[in-house]
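Notes follow once the structure below has been shown.
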Amino acid sequence: METAIAVAEEKARPFPVWHTAAVLGALAALVGLSVVRPHGGEGHRLVHYVVAAAFEWGLTGWILMGCRMRRESVWSLLGEFTASWRTVLRDCGLAIGFLVTANVVLGLLGRWFGATTNGALRNLLPRTAMETAAYLCLTVTAAFCEELIYRGYLQRQFTAWTRSAGIGLVLQGIVFGACHAYQGRGMMLPIAVYGCLFGLLAMWRRSLRPGMIAHLVQDAVGGLALARTLLK
């Protein structure tokens, strides 16, 4: 019993401050770049997709390295991922239900704050078949990496530091919203709330899988639908 308690306490301890500072520093640099180049430039979209994916996998690799240094499994961040078809179908159902609810909230907030699609977001939408394929690969990366970074890692860190699950959830949502500054100031708060809703889903389900599924569907289906609407 004492051994089990010791293992649980070890997993509950936050990663070192310097490790998280590096993650937050990298994210801050991303926000700074989006401020300096608010419209993302007119460079080739394929290059942007590759750079964005490399950035997210780099941060994910840093977090995985932290797990290895602590001799801790990445599953402590991912949560329950059983392969049972029942749980997979349940998580898919949760993801769809979450998307319907969360998008209603996001839409209301976006309308309240007068959020509109800006030039940066428009410029990121795929135009050609090759760009669409690369964009879909990027959505898979974003679904896995961003949920691991924000809901798996940062939410745990902030919760451990503040000793409050609620504060930890809100703080990771704020960071998530700030890192989408390229979509415009009007979208930052709605996206921060969206991040908090993803955090609630992860806390309730004790797993990142429903959030990853929802994130993938949102970015892939939503992004392609937006491209078809705006780029006619």
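The values are calculated or read from the model by the stated rules, or taken from the named source; none is laboratory data. A quick note: this is a predicted structure, and the numbers were derived from the prediction, not measured. So basically every Cβ, Gly included, is an ideal-geometry build from the backbone, and we count neighbours across all protein chains shown.
Tell me yes or no: at least one residue of region 70-78 is modelled with pLDDT of 90 or more, in contact with a strand residue (DSSP E or B) (Cβ under 8 Å, 6 or more places away or on another chain) and closer than 30 Å to residue 210 by Cβ.
So the first thing to find is which residues in region 70-78 are modelled with pLDDT of 90 or more, and the list is 70-78.
Subsequent filtering for residues that are in contact with a strand residue (DSSP E or B) (Cβ under 8 Å, 6 or more places away or on another chain) retains 78.
Still in the running and closer than 30 Å to residue 210 by Cβ: 78.
Yes, region 70-78 contains a residue that is modelled with pLDDT of 90 or more, in contact with a strand residue (DSSP E or B) (Cβ under 8 Å, 6 or more places away or on another chain) and closer than 30 Å to residue 210 by Cβ.
Just a yes or no: is a residue in region 138-150 closer than 23 Å to residue 48 by Cα and surrounded by fewer than 17 Cβ atoms within 10 Å (Cβ to Cβ)?
Let us first name the residues in region 138-150 that are closer than 23 Å to residue 48 by Cα, namely 138-150.
The next check asks that each one be surrounded by fewer than 17 Cβ atoms within 10 Å (Cβ to Cβ); those that pass are 140.
Scanning region 138-150, I find at least one residue that is closer than 23 Å to residue 48 by Cα and surrounded by fewer than 17 Cβ atoms within 10 Å (Cβ to Cβ), so the answer is yes.
Out of (1) at pLDDT below 95; (2) touching a Phe, Trp or Tyr at 6+ places or on another chain (Cβ under 8 Å), the odd one out for residue 44 is which?
Looking at each condition in turn, residue 44 falls short on (2).
Evaluate region 171-194: report whether one residue or more is of a type in the set (Val, Ile, Thr), closer than 24 Å to residue 15 by Cβ, touching a helix residue (DSSP H, G or I) at 6+ places or on another chain (Cβ under 9 Å) and touching a residue at least 40 places away in the same chain (Cβ under 8 Å).
Step one: of region 171-194, the residues of a type in the set (Val, Ile, Thr) are 174-175, 191, 193.
Those still in the list that are closer than 24 Å to residue 15 by Cβ too: 174-175.
Restricting the remaining residues to those that are touching a helix residue (DSSP H, G or I) at 6+ places or on another chain (Cβ under 9 Å) gives 174-175.
Next cut, touching a residue at least 40 places away in the same chain (Cβ under 8 Å) only: 175.
Yes, some residue in region 171-194 is of a type in the set (Val, Ile, Thr), closer than 24 Å to residue 15 by Cβ, touching a helix residue (DSSP H, G or I) at 6+ places or on another chain (Cβ under 9 Å) and touching a residue at least 40 places away in the same chain (Cβ under 8 Å).
Regarding region 11-31, can at least one residue be identified that is loosely packed, with under 15 Cβ neighbours inside 10 Å, touching an Asp or Glu at 6+ places or on another chain (Cβ under 8 Å) and modelled with pLDDT under 95?
yes
Mind listing whichever residues of region 152-211 are under 19 Å from residue 74 (Cβ atoms), polar (S, T, N, Q) and over 12 Å from the mean Cα position of the chain (by Cα)?
Within region 152-211, 157, 159, 207 qualify.
Taking residue 182 and the conditions (1) in contact with a Ser or Thr (Cβ under 6 Å, 6 or more places away or on another chain); (2) at pLDDT below 95; (3) over 22 Å from residue 125 (Cβ atoms), which numbered condition does it fall short on, given that it satisfies the others?
Going through (1) in contact with a Ser or Thr (Cβ under 6 Å, 6 or more places away or on another chain); (2) at pLDDT below 95; (3) over 22 Å from residue 125 (Cβ atoms) one by one, residue 182 breaks only (3).
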